[in-house]
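Q: Encoded as structure tokens, here's the structure I'll be asking about.
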Amino acid sequence: MLSMNGYHLGIMSLTDHKIGQDFIIRIAKADDVPAVVAMDEAVTGLAKPDYWQDIFDRYGGRRRGRYFLVADHEGTMVGFIIGEVRAWEFGSPPCGWVFTLSVDDKLRLGGIGTALFQAVCDAFRKYGVTKVRTTVARDNDLVMSFFRSQGMMASSFLQLEIDVAS
Ligand SMILES: CC(C)(COP(=O)(O)OP(=O)(O)OC[C@H]1O[C@@H](n2cnc3c(N)ncnc32)[C@H](O)[C@@H]1OP(=O)(O)O)[C@@H](O)C(=O)NCCC(=O)NCCS
């Protein structure tokens, strides 16, 4: 289990007793971008350096309401999460949105994903929002299991889509 004692965003030090590793959750730096590109490519099979550079430019560093956090084990990026506060979309009062989360596949099931999610929820809470949302592909059982384990449930909003290709 993770010890969440002494938790402070940016200087949090956690001891993961399951895999016996120390890691911290910190704000992403420009140097993290290549590792984020590689981790995303490992999951999706597609390298998107321009996309991730743009995400870093918009979410990296210290920004109010935008959070790009990484799990760092002895200087190696082992996971990341990105979220932001969005307001009044579709009539919703301000709420936190998590739109990306990934953990090094060699270190999964060790609590890193939970630590990242709790860290971004803490940041949302400090901002002042009380609701956090995300979107999960219907067939992504792994990510669904993870978010369910964090207590997330079906939302009062429903996504609709249409194919507009001619
Ligand atoms: C989802 C993900 C971030 C979870 O990270 P993690 O560090 O392994 O998560 P944790 O160790 O904190 O797991 C917390 C809980 O999630 C659930 N969970 C995690 N992986 C699971 C799996 N493979 N099968 C079933 N449940 C799982 C479990 O309930 C687990 O609790 P437990 O260990 O007490 O059983 C990681 O698997 C990942 O990066 N997956 C691919 C990323 C991806 O597809 N991202 C795209 C969407 S943004």
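Throughout, read-outs are computed from the coordinates displayed, never taken from laboratory work. Just so we're clear, the structure is a prediction, and the values are computed from it rather than from any experiment. Quick reminder, even Gly has a Cβ in these numbers, built from the backbone with ideal geometry, and neighbours come from all protein chains shown.
Q: Specify which of the listed residues (T135, T130) is farther than 23 Å from R26 by Cβ, more than 16 Å from the ligand (Cβ to nearest atom) and β-branched (V, I, T).
A: On the way: T135 fails: more than 16 Å from the ligand (Cβ to nearest atom).
Matching residue, one of T135, T130: T130.
Q: Give, as residue ranges, the strands (runs of 3 or more DSSP E) completely inside the range 23-127 that count at least 2 residues that are surrounded by fewer than 20 Cβ atoms within 10 Å (Cβ to Cβ), among the aromatic types (F, W, Y) and under 12 Å from the mean Cα position of the chain (by Cα).
A: Values: elements: 66-73, 76-86, 95-103.
Where strands (runs of 3 or more DSSP E) fall fully within the range 23-127 and carry at least 2 residues being surrounded by fewer than 20 Cβ atoms within 10 Å (Cβ to Cβ), among the aromatic types (F, W, Y) and under 12 Å from the mean Cα position of the chain (by Cα), they are 95-103.
Q: Hey, any hits in the range 28-39 for a residue that's within 18 Å of V143 (Cβ to Cβ), out of contact with any helix residue (DSSP H, G or I) (no Cβ under 8 Å at 6 or more places or on another chain) and of a type outside the set (V, I, T)?
A: First, the residues of the range 28-39 that are within 18 Å of V143 (Cβ to Cβ): 36, 39.
Filter once more, keeping what is out of contact with any helix residue (DSSP H, G or I) (no Cβ under 8 Å at 6 or more places or on another chain): 39.
When the remaining residues are screened for being of a type outside the set (V, I, T), the result is 39.
Yes, that holds for at least one residue.
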